[in-house]
Amino acid sequence: MNRLAKEIYEARLKSGLTQKQLAKKCGLAESYIKSIESGKKIINEGNSEKIFKVLGRKAVELINENEEKTEVRKEKKKEEKVIKENINIQPNDKWLDALSGVIKNYPVYNGQFNKVIDNRDITILKKKIDGRSHEKIFFMEAPSSDMESRCISKGDILTLFKTKTITGGKIYTVKHKGNVIIGVLRLNSGKISIFNDKNKDLSVNVKEIEILGQCLKVEKKL
């Protein structure tokens, strides 16, 4: 039973009329009234005027009221649907991967690691750069040409990974007595040996130096 059919049904009962009596007063068939009230037939405006004239209410008012209520219900359902869709949106693994593939701006430091001289926009994939955590990556100029034998010249841009772990054969930048040195490190009995083209074996106390990072790659300066 639709809203209009229900209104006719309730108004007829309030008027104390049977379907047969209402039909007779309106000049309509009893079967027609039954079909209208059950919702099997859609009432036209002419017949609705007849029925509500007998029942004491204007059909146009009721129809307009019914349409307004229907529109309100439709709008409410639309709003509820939008709210539900927004609530149910949950980021999945693919979303997280896509969001992790972003571009981040990194500063490039000079060879003494005390001044920013440039910036680089680097694409981060799955929160990593060159297989390492993007949060531990930094960029700086090569402080000298002391590793030219390994194709690193002063002013080349180094991609470095912040770490305190010394791995044999790897190139590092370190701070020693206020200067930045580049070379291969080796740990030996509480001391660190620094090997480069200038110092074949510079041995210093572990507490005397600060390891800045391990060199991952070099970008040649043109």
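The values are calculated or read from the model by the stated rules, or taken from the named source; none is laboratory data. Computed from a predicted structure; not experimentally measured. Counting neighbours? That spans all protein chains shown, and the Cβs are built from the backbone with ideal geometry, glycine included.
Values as computed for the structure displayed
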quantity: Failed condition for Ile124, given (1) in contact with a His (Cβ under 6 Å, 6 or more places away or on another chain); (2) loosely packed, with under 14 Cβ neighbours inside 10 Å; calculated: (2)
quantity: Hits in the stretch 177-218 - residues which are over 14 Å from Met147 (Cα atoms), in contact with an Asp or Glu (Cβ under 8 Å, 6 or more places away or on another chain) and surrounded by fewer than 16 Cβ atoms within 10 Å (Cβ to Cβ); calculated: Lys177
quantity: Qualifying residue in the stretch 4-15 (condition: assigned to a loop (DSSP other than H, G, I, E, B) and not aliphatic (A, V, I, L, M)); calculated: no
quantity: Of residues in the stretch 48-80 being of a type outside the set (D, E, K, R) and within 46 Å of the chain's Cα centre (by Cα), the one modelled with the lowest pLDDT; calculated: Asn64
quantity: Residues located in the stretch 168-208, provided they are over 28 Å from Ile117 (Cβ atoms) and part of a loop (DSSP other than H, G, I, E, B); calculated: Gly168, Gly169, Ser189, Gly190, Lys200, Asp201
